[in-house]
Every structure is written in C-alpha cells, then in structure tokens.
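A short worksheet on the structure shown next.
The values are calculated or read from the model by the stated rules, or taken from the named source; none is laboratory data. All of these numbers come straight from a predicted model, not from anything done at the bench. Every residue, glycine as well, gets a Cβ built from its backbone with ideal geometry; the counts of neighbours run over all protein chains shown.
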C-alpha cells in the first residue's frame, strides 16, 4: 500500500498579490520606525549642530560633563569656559550640551 502525496498548487495570478500583501506589514513597520525613532534623532542632531555653530563669546553653557560656565574664547574646535573667577578650562565645542539663558550662572550662586 502506497499513499501518494498530494501537493496544493495555487493559481498563477493570486500568488503575486499574496506576496505583496505579505510584504506590506514589514514596509509599514519600517515606516513607523522611521517616523518614531530615526527622524526625531536626526532633528535633535541638527539642532545640536546649529547650537554649536552659533556659540559666541559671553554665552553661558553646560558641558556634557555637567560643568557650568561662561565662554571666554572661541577657537575652531575648542573653546575656553570660565567656571569660576580666574579659573578657565578648555573643552571641545562638541562637549557643549546646553546653551543657558543669560544670567543663569548668577542665579545659581
């Protein structure tokens, strides 16, 4: 007794549409990922870059290490920040995390 195997065969026209419908959820997930994660991250990076390019002498900043100070000198890649009277440190421009409103340092003291 031998039992033969039966294989189902789909019609040629329907297989193309079912393949596209199977791909649709993956495309939707990538679109959702882009709008919820990638696009906001790119916007934050652009805002950070514009803030660093717009730094000027006298601006009050917070570095990525949490140091608060006033910019006294600007260079191409580095800047000098006064963190206390007669105490200055040099940091990379990329280390500036936040630009503070004028007068913030006096209100902290």
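Here is how the numbers come out for the structure above:
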| item | result |
| --- | --- |
| Scope the stretch 79-93; condition farther than 13 Å from residue 60 by Cα and loosely packed, with under 13 Cβ neighbours inside 10 Å; matching residues | 85, 86, 87, 90 |
| Qualifying positions in the stretch 39-71 - closer than 18 Å to residue 103 by Cα and exposed (fewer than 14 other Cβ atoms within 10 Å of the Cβ) | 56, 57, 58, 66 |
| Residue in the stretch 1-9 that is touching a strand residue (DSSP E or B) at 6+ places or on another chain (Cβ under 8 Å) and either at pLDDT 90 or above or part of a loop (DSSP other than H, G, I, E, B) (or both) present | no |
